[in-house]
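So the structure is just underneath, and the comments pick up after that.
The values are calculated or read from the model by the stated rules, or taken from the named source; none is laboratory data. Since the model is a prediction, treat every value here as computed from it, not as a measurement. Here Cβ is always computed from backbone atoms with ideal geometry, including for glycine, and neighbour counts include all displayed protein chains. Ligands, DNA and RNA are stripped out before the accessible areas are found, and what is left, the full protein with its side chains, is counted by its heavy atoms. Shrake-Rupley method; radii C 1.70, N 1.55, O 1.52, S 1.80 Å.
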Amino acid sequence: MKLGDLVVRKSYGGDVLFRIAALLQNTAVLRGTDYRLLADAPVGDLEQVRNPDELRGPRTARVQASESVRRMQAERAHAQEGIEEEASSGQRKPYFEMPGKVLHLDGDVNYLKKSMAVYRQLRMPAEGVHCHESQMAAAVADLLPKVMPDIVVITGHDGVYKNRTDYEQLSSYKNTGNFIQAVRTARSYDKSRDSLIVVAGACQSHFEALMSAGANFASSPARIMIHALDPVYVAVRAAFTPFRETIDLPDVISHTISGMRGVGGVESLGKYRIGLPNIKPTNIVPTIPASEFG
């Protein structure tokens, strides 16, 4: 076994595909490839995976991810058709679009690349930053005044420590405490949940604590694994919900891959606006490329 190898845990029936992030004597630190789960396991419990597509769990996760992206694209196309119909009927003049701007902080560089690819496909203004979960509070403090986003996503990897049953104690979680500090930093910058939308958490994160810290949306109410693209889906829906409307909570959450057990939130106004006149050849501010913090 070596760093970067794809593996599954034999004791769990190979249910989740991981990549080895670190090796500490006879223990491996693992990061989920499809789910935002951080785990550790004895090296002897690991089985190397040559072809992930041969495994049912990872194959299902990839199908779900493709379906989530397809749904985002379809929802976006449907919304644009409605606006264009109004314009062609004379009810509205030619317009330009201003979806909400996203600052996406991710503890996993591969997930960050996938997330930024989705934002680009949907032509959303977004800046992506890769940093360790322990650095996120400092990154938020540094970046919010520079990027001035409408939506900030604070995510990466998390998990409940093995044999911990007290889900109310933050010490039972691997990174929830770091996410909470980042959310609090964001709220010290902008206290209004309608002014700055905060999406926070990862697999098995302490949902109630993240919401109390000031998040609009967080994971994970039932302490389950969430898919890598769930925070992205929530951010996209927030970015394209008109600013006079509240984000449709039941609809948004139920259409994440993890559903109501994996993601929750509170009523929040959307961030999408249109403007006149449309005098430029493009309708949107170019996406800012992903960068590395620190």
Condition check: buried (at least 23 other Cβ atoms within 10 Å of the Cβ), under 24 Å from M72 (Cβ atoms) and under 16 Å from the mean Cα position of the chain (by Cα). Does V152 satisfy that?
yes
Has segment 231-245 got any residue that is small (G, A, S) and open to solvent by 10 Å² or more (accessible area, probe 1.4 Å)?
no
Pair list, Cβ < 6 Å and 6+ apart or interchain, from segment 234-256 residues that are closer than 18 Å to V152 by Cα to residues that are in a loop (DSSP other than H, G, I, E, B) and among the polar types (S, T, N, Q)
I247/T241; I247/S268
Of all residues in segment 110-137 being free of Cβ contacts under 8 Å to residues at least 60 places away in the same chain and surrounded by fewer than 24 Cβ atoms within 10 Å (Cβ to Cβ), the one that is nearest to the chain's Cα centre (by Cα)
A117
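The rows are residues; the columns are (1) outside any loop (DSSP other than H, G, I, E, B); (2) touching a residue at least 12 places away in the same chain (Cβ under 8 Å); (3) buried (at least 16 other Cβ atoms within 10 Å of the Cβ).
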residue: K2; (1), (2), (3): no, yes, no
residue: L23; (1), (2), (3): yes, yes, no
residue: E47; (1), (2), (3): yes, yes, no
residue: D53; (1), (2), (3): yes, no, no
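Being farther than 20 Å from A235 by Cβ, out of contact with any Gly (no Cβ under 9 Å at 6 or more places or on another chain), crowded, with 18+ Cβ neighbours inside 10 Å and not basic (K, R): is that true of S172 here?
yes
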Look through Y161, Y189 and report the one residue that is without any contact (Cβ under 8 Å) to a residue 40 or more places away in the chain, in contact with a helix residue (DSSP H, G or I) (Cβ under 7 Å, 6 or more places away or on another chain), of a type in the set (F, W, Y) and open to solvent by 10 Å² or more (accessible area, probe 1.4 Å).
Y161
Checked segment 165-186 for anything within 18 Å of G32 (Cβ to Cβ), basic (K, R) and either assigned to a helix (DSSP H, G or I) or free of Cβ contacts under 8 Å to residues at least 40 places away in the same chain (or both); matches are none
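Sort through V29, V16 and tell me the only one that's open to solvent by less than 20 Å² (accessible area, probe 1.4 Å), modelled with pLDDT of 85 or more and not in a helix (DSSP H, G or I).
V16
Looking only at segment 198-215, how many residues end up being outside any helix (DSSP H, G or I) and surrounded by fewer than 24 Cβ atoms within 10 Å (Cβ to Cβ)?
So the count comes out to 1.
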Selection from segment 220-252 of residues within 23 Å of V16 (Cα to Cα) and either over 11 Å from the mean Cα position of the chain (by Cα) or assigned to a loop (DSSP other than H, G, I, E, B) (or both) yields S220, P221, A222, R223, I224, M225, I226, A228, L229
Flag if S195 is over 28 Å from P250 (Cα atoms), outside any strand (DSSP E or B), free of Cβ contacts under 8 Å to residues at least 60 places away in the same chain and open to solvent by 10 Å² or more (accessible area, probe 1.4 Å)
no
Within segment 205-215, is there a residue that is farther than 21 Å from Y111 by Cβ, modelled with pLDDT under 95 and not aliphatic (A, V, I, L, M)?
no
